[in-house]
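The values are calculated or read from the model by the stated rules, or taken from the named source; none is laboratory data. Keep in mind it's a predicted model, so treat the numbers as computed, not measured. When we count neighbours, we look across all protein chains shown, and the Cβ atoms used for this are built from the backbone with ideal geometry, even at glycine.
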Amino acid sequence: MTSLRRWLIGLAAGWFLAGLMVGLAVPRGIEAWFPRETEADADDPYVRRMAETYGLTRDQQDLLWIVCANKRRDQRHIYENAARDSWDQLPKAMQNALLTTDRKAEQRVEGLLTKEQLDRFKRDRGGALEERGPGK
């Protein structure tokens, strides 16, 4: 009976260690095979340079990614507010660029809708983008 108990304990410990190894290795393997493909890629050289220059730990690098993401979010918020609240004060080139991106996004949305959904979407949107500005 004791040999069976030892065998079960050994088996449980083996499975536990195997699970621990997989739990540690799989996320790193996934990250190696499928690297980040987000808007944060623009921050990659900055994060790497900071890590190399100042010897940042992995946790510090992760926090730096968060800082960069928050910066992008705050900048996007400023741009969105300017486009919404101060449309006439924006340079014409910026107005045109914002209208172009808004039109592209609207076309993509229209492309994924069914005929009935598209009719309702167009009815609900109403008015030309140029008259109301992006996001309005």
(request) Quick one: M1 ticks every box in (1) under 38 Å from the mean Cα position of the chain (by Cα); (2) at pLDDT below 75 except a single one, so which number is it? (result) (1)
(message) Tally up the residues in the range 54-106 that are of a type in the set (A, V, I, L, M) and outside any helix (DSSP H, G or I), please.
(response) 2
(request) All but one of (1) surrounded by 10 or more Cβ atoms within 10 Å (Cβ to Cβ); (2) more than 27 Å from L99 (Cβ to Cβ); (3) modelled with pLDDT of 70 or more hold for N81, so report the exception by its number. (result) (2)
